1. Given the conditions (1) within 14 Å of Tyr42 (Cα to Cα); (2) in a loop (DSSP other than H, G, I, E, B), and given that Asp114 satisfies all but one, which numbered condition is not satisfied?
2. Within the stretch 69-77, is there a residue that is among the hydroxyl-bearing types (Ser, Thr, Tyr) and touching a residue at least 12 places away in the same chain (Cβ under 8 Å)?
3. Out of everything in the stretch 136-173 that is aromatic (Phe, Trp, Tyr) and under 28 Å from Ala48 (Cβ atoms), what residue ends up being surrounded by the fewest Cβ atoms within 10 Å (Cβ to Cβ)?
4. Condition (residue is closer than 30 Å to Gln77 by Cβ, part of a loop (DSSP other than H, G, I, E, B) and either of a type in the set (S, T, N, Q) or more than 17 Å from the chain's Cα centre (by Cα) (or both)) applied to the stretch 137-151: is it met by at least one residue?
5. I'm trying to understand the selection: among the residues of the stretch 77-115, which are over 13 Å from the mean Cα position of the chain (by Cα) and either buried (at least 19 other Cβ atoms within 10 Å of the Cβ) or at positive phi (or both)?
6. Looking at (1) touching a helix residue (DSSP H, G or I) at 6+ places or on another chain (Cβ under 7 Å); (2) touching a residue at least 40 places away in the same chain (Cβ under 8 Å); (3) more than 23 Å from Ala45 (Cα to Cα), can you tell me which one Asp81 breaks?
7. Quick check on my filter: what residues within the stretch 116-135 are under 19 Å from Gly88 (Cα atoms), surrounded by 19 or more Cβ atoms within 10 Å (Cβ to Cβ) and among the aliphatic types (A, V, I, L, M)?
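The numbers here are math on the coordinates, done by the rules we state, and not lab data. Here the structure is a predicted model, which is why all the values come from computation and not from measurement. Cβ sites come from the backbone with ideal geometry, for glycine too, and all protein chains shown count toward neighbours.
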Amino acid sequence: MTRSETPTEPEARDADAPSLTGQLLIAMPTMPDPRFARTVIYMCAHSATGAMGIVINKLLDNISFRDLLEQLSIETQRIPDSLKIHFGGPVETSRGFVLHSADYQQPGTLMVDDGVGLTASIDILRLIAAGEGPQRFLLALGYAGWAPGQLDSEIQSNGWLHATADQDLVFGAANHEKWHRAVNKLGFDVAKLSSEAGRA
């Protein structure tokens with residue numbers, strides 16, 4: 001569920017609860033929202049004021065990275081056709097976000113942790129198009145967002161799991177492998193997890 005919807009009022013988040021910033025949020029097999037079925041989300045922020053992350057394992061079929069650059073009148077000669085755009089989440093789906101390695105930073109970059117940053121400017125797109133951007137990156141349209149306490153409530157209701165993130169999974173793994181690889185980081189048998197989800 002996202003900020004674009006009107007959920008029931010969640011309980012206030014415990015200020016001492018651990019933050020999931022910089023971690024992976026993994027949809028449970030029983031996730032009821034089809035937009036988030038088998039998604040893996042890299043969490044960019046998680047605090048008492050809410051949470052925000054980028055879905056890292058779903059692609060958009062209706063637009064390519066080259067298409068986006070052409071719409072922005074950015075030269076595309078050095079852009080490979082294999083470069084795709086991810087579905088970052090259902091909030092602000094016309095807004096672009098680049099999740100990237102820490103070798104690139106600018107004043108507007110949010111450094112999530114020591115190794116990963118988030119930038120939402122057109123300048124980074126120009127640099128990527130010129131072959132001068134960050135070494136590793138993922139471009140997404142939209143993001144996943146939660147109101148204060150909402151994500152914590154969904155986790156308590158067994159909607160999500162979470163695991164430590166690593167750059168090879170975030171930037172390198174094939175999208176169809178990311179959910180299984182993220183679950184495997186927890187040592188769970190996915191089939192068993194599916195059968196036991198929802199039990200008291």
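1. Asp114 satisfies every listed condition except (1).
2. Taking the stretch 69-77 first, the residues among the hydroxyl-bearing types (Ser, Thr, Tyr) are 73, 76.
Then keep just the ones that are touching a residue at least 12 places away in the same chain (Cβ under 8 Å); that gives 76.
Looking for residues that are among the hydroxyl-bearing types (Ser, Thr, Tyr) and touching a residue at least 12 places away in the same chain (Cβ under 8 Å), one finds at least one in the stretch 69-77, hence yes.
3. Restricting attention to the stretch 136-173, the residues satisfying the condition of being aromatic (Phe, Trp, Tyr) are 137, 143, 146, 160, 171.
Then drop every residue that is not under 28 Å from Ala48 (Cβ atoms), which leaves 143, 146, 160.
On the way: Tyr143: 25, Trp146: 24, Trp160: 20.
Looking at residues that are aromatic (Phe, Trp, Tyr) and under 28 Å from Ala48 (Cβ atoms), I get Trp160.
4. From the stretch 137-151, those closer than 30 Å to Gln77 by Cβ are 137-143; that's our starting set.
Still in the running and part of a loop (DSSP other than H, G, I, E, B): none.
No: the stretch 137-151 contains no residue that is closer than 30 Å to Gln77 by Cβ, part of a loop (DSSP other than H, G, I, E, B) and either of a type in the set (S, T, N, Q) or more than 17 Å from the chain's Cα centre (by Cα) (or both).
5. Ile79, Glu92, Tyr104
6. (2)
7. Val116, Leu118, Ile124, Leu125, Ile128
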